[in-house]
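Since the structure comes first, as structure tokens, the remarks are kept for the end.
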Amino acid sequence: MSEKVDKGARKGAGNKSLFSLRSINPALPRNKKFVQTVLYGSGSCLSLGVALSVGISPAFAMDLLVRMGLFGVVFFTCLGYFFHKVVQIYGEHRKYENHPGPTRENFFSGNYYTMRRAQSKQELFVLLGQWCDECGDTFVFWRYELPKFFTSSPDVIRSMLTDISMFKKHEKIPNRTLFGQRITGTSSFLTVVGGHTWAAKRKVMSPYFTKIHLAEMFDVCRDYIERGMEKQMESVKLGETEVDTVHFYGELFQFFIGALGFDLDGDYVSKHAHEHNRIMQLILKWIPLQFGTYKQLLEMRFDPEVNETIKGIDMFRRRGLHILEYKQKELEEKGENPHDIVHHILRANKNLSQGDPTEFLMDDIMTIFLVIDNMGKTLSTVFTRLMREPVIYAKLVEEIRKADVSSLQNMDKTMRYTEMVLLEILRLHPTLMRGIRITTRPTTVDGVYLPSESMIFFGQLVLHQHPKYWKNPTEFIPERWESGSKDIVPFTYLPFVAGPRVCMGKHMAMLTMKLSIYYTLKNHNIRPPAGQEKEMAWDYRFTIVRPNKGFHTVFEPLAA
């Protein structure tokens, strides 16, 4: 009889609601009982909160929750989250409703999908330039519910780059890790955000890159570039081989930095220049993509090339560890060599109170391997344009064939037009396309209020081609640099950024790129492959600009 009653009771309870689940049962295992208790407790709190916020009777909400069981918990949790997001987004929109900015595409995504479409067409900076024209030099745009700021105002950019008490560097830059594999970490002389570590490292590293020191090292730099060019040309058949200039000059600079800074026995690093460049191109290909959608990230993680890249990074760091061990021993036995960049790195990290010192030293080594590739990308762009600018090409070649590279001073005097070409290339095709800073406290810039921890961008591609600051901004005119930079509005030309964080290696970059152009055109002519005479395009989707059309060249022997 009692069994029938129990069955009937259970049946009656089961008929109470289609979604009913049994209440918390003492017979359940302890872990399931705990989970159920937490779920019901959370649901109860959320239901009460929602009820009070929208005017529903709390008693009614609790009764509904009991009737709906676990389904009710999930429902009220989702409903509570939805209301929370709506209120949060509405509050943010109200906060910035009087700020200039483009119209949001919709309430939830803001301008995100508009920008994604532009990015996929490589027109993001065109879009940002249009918004500058429509909304003013500084404006707010929306990435989902998050307000971001963009500026093309030289005065605002001056503050961003020089006032380190008001603006700090963005911490989450893409070259720090790849799926957990450390690349440059967070404390290299490039990626460290600020404070004592940044100041200490920069103080020690900067003297290595001054023009005075480079003048002393000029003969060594010249000889390594010449040797590197000879090595690169060994596999080139004049008049036949279609040379990929991205890889050709990337490999040249991996050889150069290996020979100049890292070689232990004459060719320990430089003999691996081809392998290093291949891995470096993979790193630079994949690290920006890890900031894509979840679907893209999942596809990336199972791509064999990504796994190869991670192995390559590990190889770089192990090879760098061997370099550090050798150089540390050399430093202790022979004393510091001012021309040895690794000695500077060891000294820069010597008295810093941080974690594993070996890891931080390796971050600096990896940073040098990475940034040296920027020169290779710029040279690829130089020759991509020169092959299709016959008047400029002829003028440059005439200068090169008369140039004197016996010293840094003589090279600067006799290769003035070459420098003008490089400056114009860096204006139209800057290696770095944008900069980011974070506000450290609330401030108002250009009439726009920025709360603390706001993210504000500037774009070199917008600044360098802004008609307000440049005459014929989209045309390739090296002659605009005849009088140097005295006619340039300050903080509108930023290939090496500016302020306290200006690129330390800018003088070395210009020196080595001029030498590379010299040794390319001194003994050869160049032309585009047949059928590619007019092809020319650049990849602007990621942080580092590189040509993606027209970057192959054919080396020709000089006419007899």
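Fewest Cβ neighbours within 10 Å first, please rank 384, 440, 293 accordingly.
293, 440, 384
Got a sec? How would 152, 406 order by Cβ neighbour count within 10 Å, fewest to most? Working shown, then result.
Values: 152 25, 406 12.
Sorted ascending by nearby Cβ count, the order is 406, 152.
Can you list the aspartates and glutamates whose alpha carbon sits under 15 Å from that of residue 471, skipping same-chain ones fewer than 8 residues off?
Answer for residue 471, where 15 Å is the Cα cut-off: 424, 479, 482, 487, listed by chain and number.
Just want the ordering: 464, 507, 84, 196, from fewest to most Cβ atoms lying within 10 Å of their own Cβ.
Listing 464, 507, 84, 196 from fewest to most nearby Cβ atoms yields 196, 84, 507, 464.
Would you mind checking the pairs 311/534; 203/402; 201/514; 311/549 and listing those with alpha carbons more than 32 angstrom apart?
Violating the 32 Å Cα-Cα cut-off are 311/534; 203/402.
Above 13 Å lies some portion of the pair distances; for the range 455-500, what is it as a whole percent of all C-alpha pairs?
Value for the range 455-500 (Cα pairs over 13 Å): 61 percent.
How compact is the range 333-443 by the rule of thumb for globular proteins, expressed as Cα Rg over 2.2 N^0.38 Å? Mind showing how you got there, number by number?
Details: Rg = 20.3 Å, N = 111, 2.2 N^0.38 = 13.2 Å.
Ratio of Cα Rg to 2.2 N^0.38 Å: 1.54.
Express in whole angstrom the spacing between the alpha-carbon centres of the range 87-125 and the range 275-293.
First find each Cα centre; the distance between them is then 29 Å.
For residue 406 and residue 558, what is the calculated FRET efficiency with R₀ set at 22 Å and r taken between the beta-carbons, to the nearest 0.05?
Step by step, r from the Cβ atoms, then E = 0.55.
Going 7 Å from the Cα of residue 93 along its beta-carbon direction, which residues of the range 123-160 have the amide nitrogen within less than 17 Å of the resulting point?
Backbone N within reach: 140-148.
Which semi-axes, in whole Å and largest first, does the equivalent ellipsoid of the range 178-297 have when worked out from the alpha carbon gyration tensor as the square roots of 5 times its eigenvalues?
They are 29, 26, 12 Å, listed largest first.
Taking only the alpha-carbon positions of the range 100-243 and ignoring solvent, what does the Debye formula give for the base-10 log of I(q)/I(0) at q = 0.08, 0.14, 0.15, 0.20 Å⁻¹?
Cα-only, vacuum Debye calculation for the range 100-243: -0.46, -1.02, -1.05, -1.19.
Could you calculate the contour length gain from residue 307 to residue 74, that is, 0.36 nm times the residue separation minus the distance between their Cα atoms, to one decimal place in nm?
Extra length from residue 307 to residue 74 when fully extended: 80.0 nm.
Which translational diffusion coefficient, to the nearest whole µm²/s, is obtained for the range 270-409 from the Stokes-Einstein equation, given a Kirkwood hydrodynamic radius over C-alpha pairs, 10 °C and 1.306 mPa s?
85
Roughly how many nanometres apart are two label points built 7 Å out from the Cα toward the Cβ at residue 242 and residue 339?
That separation, rounded to one decimal, is 4.2 nm.
Tell me, what is a quarter of the convex hull surface for the C-alpha atoms of the range 435-560, in nm² with one decimal?
Working: hull surface 45.6 nm².
Here the figure is 11.4 nm², rounded to one decimal.
None of the figures in this text is laboratory data; all of them are computed from the coordinates on show. Since this is a predicted model, take the numbers as computed values, not measurements. Don't worry about glycine lacking a Cβ; one is built from the backbone with ideal geometry, like all the others, and counts go over all protein chains shown.
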